[in-house]
Each structure stands twice: as C-alpha cells, then as structure tokens.
Amino acid sequence: MHHDPIELAVIGGTGLYALAELQDVSSHQPDTPYGTPSGPVRVGTLGGRRVAFLARHGESHSVPPHRVNYRANLAALKALGARRVLALNTVGGITGRFGPRVLACPDQLIDYTWGRIATICEEPGSEVLHVDFGDPYTPALRARVLAAAAEARVAVVDGGCYGATQGPRLETKAEIARMRRDGCDLVGMTGMPEAGLAREMGLDYACLAIVANWAAGAGPDPDETITLEEVLANVAAASAGIPALVSAL
Ligand code: HPA
C-alpha cells in the first residue's frame with residue numbers, strides 16, 4: 001500500500017482510455033457533490049510517483065463531450081488528494097504548426113461551448129467566484145510539462161490557442177475559418193468547461209493536446225473528410241511518448 005500523496009492526475013481523452021504503465025493500481029469511484037465521475041479513478045505508481053488516471057469519456061467511451069460531468073471528474077480527483085491535473089485532449093489542427101500527430105501544450109483558449117454546467121457556483125447558496133482566468137493553463141505546470149517533454153525527448157509544441165467547440169459533430173469549414181481568424185490553433189470539444197472548473201477548484205491544470213487530424217478545410221486537401229479511423233490511428237501514433245513524459249513529470 002502507498003500512502004504518498006498523488007503527484008499528478010491525468011485525464012485521458014479520445015483514444016486514450018488507460019495508462020497501461022501504471023503499477024500497483026487501485027480503483028476508486030468517489031461520490032462527489034456534483035454526482036459520479038465518468039468512470040473509476042485508477043491510482044498507481046509511475047516513475048516512482050503516485051499518479052491518478054481518469055478516462056474523461058468513460059473507459060468504453062460512452063460519454064459524449066457535452067455530457068461529461070466535468071465537475072464530478074475534477075472533484076473526484078481532488079477528493080483523492082490530487083492538486084495538479086494534466087488533461088490529455090484529442091484535437092484537430094487549424095494552423096501550420098499543428099498538423100496530425102503533433103503534441104502541443106497550449107497557453108490560451110477560447111470557449112465556444114454552450115449549455116454545459118461551467119461553474120461550481122451553480123447551486124443556490126454557493127459562493128460566487130470570479131476567478132482570474134487570464135492565463136487559463138497554470139503557467140508553472142505548463143513549464144514543467146515542457147521540461148518533462150524535453151527530458152523524455154518527446155517533441156511538444158510550446159503554446160497555441162485551443163478553441164473549445166460544442167460537438168459532438170465536427171465543425172464546418174466556415175466555423176474553422178472563423179476560429180482561425182479568432183486566433184485558434186487547435187479545436188477540440190472537451191477543453192472547456194474543464195479548465196475553468198479546475199481554476200475554480202484551485203487545481204493546477206495544463207493541457208497536452210494530441211492532434212488527430214486537420215480541422216475541416218484546414219489541411220492540404222481541403223475536401224478531405226475526417227474519419228474516426230484516421231483520428232484513432234493518429235492518436236495512437238502520437239501518444240507513444242506520453243507515458244515517458246508523464247514519468248518525467
Ligand atoms: N474538431 C473538434 N474536435 C476534434 C477534432 C476536430 O477536428 N478532431 C479531434 N477532436
């Protein structure tokens with residue numbers, strides 16, 4: 001049995017439903033004030049440190065992006081003692097440096113989602129928070145992610161703006177063109193409200209985005225259709241370095 005604190009919590013996205021490298025795993029399904037998380041939290045050791053892993057969409061990918069209980073997921077990790085969260089998000093690439101199979105650690109985001117519970121101030125009587133969110137990803141944790149990537153010799157693009165869309169459908173070419181004009185480099189469906197909730201809950205939070213495809217109309221062949229096979233194959237290829245990165249982190 002380990003009673004050391006959890007050094008890091010990892011939330012896995014599409015194509016990443018487990019951290020096979022975790023050792024001595026115990027499973028937890030804490031109830032939270034916000035309901036039940038997407039699945040069990042697997043706690044084990046990696047690189048000699050205690051790490052928690054939670055599959056954002058459930059381990060059999062049964063929860064779509066707009067139905068994820070982001071609050072329960074983060075509250076469950078926090079209840080187990082986690083203070084730092086590395087979010088893995090499968091995304092589409094919009095601008096030139098962010099092609100398929102690139103890993104990126106964005107430093108900004110724009111929220112295009114709607115109709116999701118995006119705050120812990122939802123319940124009557126809860127304290128109204130107006131957290132600072134100018135830098136939506138914790139700068140110190142981002143710096144550690146980039147240092148760990150360098151140590152593990154995993155290429156990660158430093159920076160970029162993540163645009164969070166509602167999904168579950170993919171975007172139109174016009175929507176992606178607008179997002180490019182807005183300054184987005186990456187597009188995904190799960191970056192928000194997760195990052196904002198983490199800030200409200202006082203958790204350090206950084207995103208490691210895994211580019212699965214060119215977003216609609218953004219690639220060299222603007223008429224290419226995006227398939228799930230392409231997405232999963234690129235995520236599998238790009239994820240090879242993630243266990244080493246997490247160990248170094
Ligand atoms: N758009 C939104 N989310 C995504 C995409 C995309 O092209 N690829 C993987 N997640």
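Values in this text are rule-based calculations from the coordinates and carry no lab data. Worth saying up front: this structure is predicted, and the values here are computed from it rather than measured. So basically every Cβ, Gly included, is an ideal-geometry build from the backbone, and we count neighbours across all protein chains shown.
Under a model in which nothing but the beta-carbon of Lys, Arg (+1) and Asp, Glu (-1) is charged, the range 157-220 shows a dipole of about 320 debye around its Cα centre. Looking at the chain, the DSSP beta bridges with both ends there are about 35 percent antiparallel. Loop-located chymotrypsin sites (Phe, Trp or Tyr not before Pro) in the range 1-70 (DSSP state not H, G, I, E or B) with no more than 10 neighbouring Cβ atoms inside 10 Å do not occur.
Sites counted here are GluC sites (Glu not before Pro) in a DSSP loop (not H, G, I, E or B) having no more than 13 other Cβ atoms within 10 Å; the longest part of the chain that contains none of them is 128-249. Applying 1/(1 + (r/R0)^6) with r as the Cβ-Cβ distance of Glu21 and Asp132 and R0 = 45 angstrom yields a FRET efficiency of 0.80.
Short-range pairs are left out: with C-alpha atoms under 8 Å and at least six residues apart, the relative contact order of the range 19-158 is 18 percent. Ordered by the count of other Cβ atoms within 10 Å of each Cβ, fewest first, Trp114, Trp214 give Trp114, Trp214. Ranking of Ser38, Ser26 by neighbouring Cβ atoms within 10 Å, starting from the fewest: Ser26, Ser38.
Once the cut-off is 22 Å, how many percent of the Cα-Cα pairs in the range 92-249 end up in the long-distance tail? Value for the range 92-249 (Cα pairs over 22 Å): 44 percent. Along its first, second and third principal axes, ordered by size, the range 51-119 spans 40, 31, 26 Å in Cα coordinates. Normalised by residue count, the range 138-199 yields a Cα convex hull volume of 108 Å³ per residue. Look at Thr165, Thr227 and count the other Cβ atoms within 10 Å of each Cβ; fewest to most, that gives Thr227, Thr165.
Here the Karplus curve 6.51 cos²θ - 1.76 cosθ + 1.60, taken at θ = phi - 60°, turns the phi angles of the range 25-33 into couplings of 7, 10, 10, 9, 9, x, 7, 10, x Hz, with x standing for Gly and Pro. Here the scattering of the range 9-49 is modelled by Debye summation over its C-alpha atoms, one equal scatterer each and no solvent; at q = 0.16, 0.31 Å⁻¹ the log10 of I(q)/I(0) is -0.47, -1.17.
Put simply, the range 185-249 fits an ellipsoid with semi-axes of 27, 18, 9 Å; these come from the alpha carbon gyration tensor as the roots of five times its eigenvalues, largest first. Each 10 Å bin from zero up to the one holding the largest Cα-Cα distance in the range 4-85 carries the following percent of pairs: 21, 55, 22, 1. If you take the square roots of the eigenvalues of the alpha-carbon gyration tensor of the range 38-176 and sort them as a ≥ b ≥ c, do you get rounded (a/c under 1.5), prolate (a/b over b/c) or oblate? Rounded, because the longest to shortest axis ratio a/c is under 1.5. With bins 10 Å wide beginning at 0, the percent of Cα pairs of the range 75-115 falling in each bin runs 20, 38, 32, 11.
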